[in-house]
Every structure is written in C-alpha cells, then in structure tokens.
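The values are calculated or read from the model by the stated rules, or taken from the named source; none is laboratory data. In this text the structure is predicted, and so the values were computed from the model without any measurement. Virtual Cβ from ideal backbone geometry, glycine too; neighbours counted across all protein chains shown.
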Amino acid sequence: MAVNIQSSGNFQKLVGLYEYPLLEYWVDKYTDAIKQSMIPELFSLERSSNAAEAISELTGAPEFTKWDGEYTYGEQKEGNTKVWIPMVWQAGMAYDRFLLENAKLINLKTDHGKFALAAARVKEACAAGLFTYADQTSYTVNGVNLNWTLTADGLSLANATHTSANYGKTQSNLSNLELTDANLEAACQAMYDLKDENGNDANLQPDTLVVPTYLRKRALEIIGGTGKVDTADNNPNIYYGSMKLIVWKQFKKQAGKTGYPWAVIDSEAAKESAKWINRLPGKEDYEIKSWKNEEIESWRIGALMWYVAGMYDWRPFHFSIPA
C-alpha cells in the first residue's frame, strides 16, 4: 500500500505557483476595464462606513429683503429624503488540485480576465440602469431587483408628476420625443423652467447630452459641428461649444420600446444629486482574496464589492424616452 505524504505539499506548490500572478492579473484587468466607466463622469464618488446614508431637502430658504433694523430668519424644515443602502455583490471561482495539475497559466489568466470583466460589467450595468430605466420604479441586474431609480420624492427619476415638499405644483422631467435639434431645445427649456423645493427658480443649466451608441451620429450632427445640419447655408450651430456629449454603451433602449432614450443634464448639479457610495473600507472598490481547503485539495478565489447608487434630486436630469 502506497502512502503519499507529499500530497499536501504538492497542492501547496501548485497554488503557490498560480496564486500571485492570477490575483495580480485580475486586478490589472479590472483596473483597465473600469477606466472606460461613465460612473466618474456622472456620479459623485463617495465612501461610507455606515449601514445607510440619507440626504434630505431643506425647505424654507431665506429671502433677502430691505434692512429694517434686524435680520429676518427663514425657518428650515426637512423635506423629502433619499436613503441609500449599500448592497454586497460577490462572485468566485474554484479549482481542484487535478485541474491545476493540467492547467496552463495562460488559460487560467483568460478565466480570471473574464472574472474581472464581470466585476466591472455589473457595476456599469447598475449605473446605466438608472438611465435606461429612469422612468421605472426599479430595474434588474443579474437577477437582482434594484429600486435605485427612486428619488427623494418617492417617484422614479424620470416622471411627469414630481412633487416638492414646499411647492404645491407637480413638475415633469420626462418626455417621449425622438432626438432632434428642436426636441433638444424643448428639453433644455423644460429644465430652465423648473422650480426648486420652495417654488423658486431651480437655476439649472443644461450643458450635457447623454445618448446610447445608436444615437451617437445624430447627437454629433446636432451639437458636434460648427454649422447646423440640413441647412443650405450651413447656418451657425447654437449648440456647438455649449453642450458636452456623453455616448454611453450601456445606456440602452428598454424592451418593448421602439425609440432610443436620451437625456439632458446639468452636469454640476447632477453630480451633487447622483451618488455612487462605496461601503468597503480602504481605497479600493473591490476585495479579492483566495483560500485553500487542503482536506479536499480545493483552491478558491472570491471577489466582492459593496456599493449603492442613485439620485436624490430629479431636477438636474431631463429624460426623453420615446414609446
């Protein structure tokens, strides 16, 4: 009867051969993939050590009047509130000793490259879902239902009947128009006309057009050239230099819709509203680790992320979602 007391040592050597290069490769591939993300462009990146975060609108802003010997004070009250609760996302890979015995590093790197891309992909899907499904109360990513599209007033990010805590009229930031220069102007004017939570001018400046890839050409024709498209004399293009264009691959058409969505935003105000909150400690937005089970000679690698996203104020965003 043969007894192999080196079995555990052989397994340890195999894992030792692959562990560092594969984990390092995962980090490199994830870092490269996330460079293409639109999250830093459209969201304020925050870190939190709390189970939840919340932002409330404050109503009762003071108004300036003539000096009459004393100050007058506006009474501040808490209005609508948006709550963010970070969610843990995870995935893992497992290898037994015998697969590792036959594996080649290049093949294992390919697997880990796909593993890393999956991490970057799910993050971008969570972010893009807020735009694709802006008029819905929730959306699904990898089978997980997310209600992140709800804003502080409890309604979907894009809605025709938004409410305010200290302003009695409903307001809309949703239309169903195709992307044309006239419809772009209509969306901009709708944003200019919005009121804040106290009924004062919201003072927004639509300066960015966000489109899916299918509207890239049309968007460039509308805002990307010095001359206006489809005019005999090449009239000056009023949008040239005044609007930034963001083409987002993950910004998609909803199932059942015939037209492609687009959005106009006030980029500065949008970043104040749109939060991407990372709950993990440290400077990274992921954790990757590995561990060995010598009893069954299995090596496992796990990666997790802990984050949430969403907007508390709907006003800096105007969406057009054709039926």
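Which of the helices (runs of 4 or more DSSP H) contained wholly in region 96-211 include at least 1 residues that are within 22 Å of the chain's Cα centre (by Cα)?
Qualifying helices (runs of 4 or more DSSP H): 105-132, 181-192.
List the number of the failed condition for Asn234; all other conditions in (1) modelled with pLDDT under 95; (2) in contact with a Cys (Cβ under 7 Å, 6 or more places away or on another chain) hold.
So the condition that Asn234 fails would be (2).
Name the residue that is nearest to the chain's Cα centre (by Cα), counting only residues in region 267-301 that are small (Gly, Ala, Ser) and at pLDDT below 95.
Gly282
Select from region 44-71 the residues that are over 20 Å from the mean Cα position of the chain (by Cα) and not in a loop (DSSP other than H, G, I, E, B) and write down the one among them that is modelled with the lowest pLDDT.
So the residue we want is Leu58.
Cβ contacts < 6 Å: first residue modelled with pLDDT under 75, restricted to region 1-22; second residue part of a loop (DSSP other than H, G, I, E, B), any location; separation 6+ or different chain. Result?
That search, which allows pairs on different chains as well, returns Ser8/Glu294.
Please find, among Lys66, Lys114, the residue that is of a type in the set (D, E, K, R), closer than 30 Å to Ile246 by Cβ and surrounded by fewer than 15 Cβ atoms within 10 Å (Cβ to Cβ).
Going through Lys66, Lys114 in turn, just one is of a type in the set (D, E, K, R), closer than 30 Å to Ile246 by Cβ and surrounded by fewer than 15 Cβ atoms within 10 Å (Cβ to Cβ): Lys114.
Provide a single number: the residues in region 72-87 that are aromatic (Phe, Trp, Tyr) and over 20 Å from the mean Cα position of the chain (by Cα).
Pass one, region 72-87, residues aromatic (Phe, Trp, Tyr): 73, 84.
Those left that are additionally over 20 Å from the mean Cα position of the chain (by Cα): 73.
Number satisfying all stated conditions: 1.
Which of the following residues is surrounded by 14 or more Cβ atoms within 10 Å (Cβ to Cβ), modelled with pLDDT under 95 and of a type in the set (D, E, K, R): Lys195, Lys109?
On inspection, the qualifying residue turns out to be Lys109.
Taking region 249-263 as the region of interest, how many residues are over 17 Å from Thr151 (Cβ atoms) and in contact with a strand residue (DSSP E or B) (Cβ under 6 Å, 6 or more places away or on another chain)? Don't jump to the end; show me each part of the working.
At the first step, the residues of region 249-263 found to be over 17 Å from Thr151 (Cβ atoms) are 249-262.
Next cut, in contact with a strand residue (DSSP E or B) (Cβ under 6 Å, 6 or more places away or on another chain) only: 262.
The qualifying residues number 1.
Matching residues to (1) among the β-branched types (Val, Ile, Thr); (2) in contact with a Pro (Cβ under 9 Å, 6 or more places away or on another chain); (3) buried (at least 17 other Cβ atoms within 10 Å of the Cβ):
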| position | (1), (2), (3) |
| --- | --- |
| Thr151 | yes, no, yes |
| Ser156 | no, no, yes |
| Thr161 | yes, no, no |
| Gln171 | no, no, yes |
| Ala202 | no, yes, yes |
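Mind counting the residues in region 284-315 that are outside any strand (DSSP E or B) and in contact with a strand residue (DSSP E or B) (Cβ under 9 Å, 6 or more places away or on another chain)?
Adding up the residues that qualify gives 9.
Could you pull out the residue among Asp111, Asp196, Asp201, Asp153 that is of a type outside the set (A, V, I, L, M) and over 21 Å from Glu78 (Cα atoms)?
Asp111
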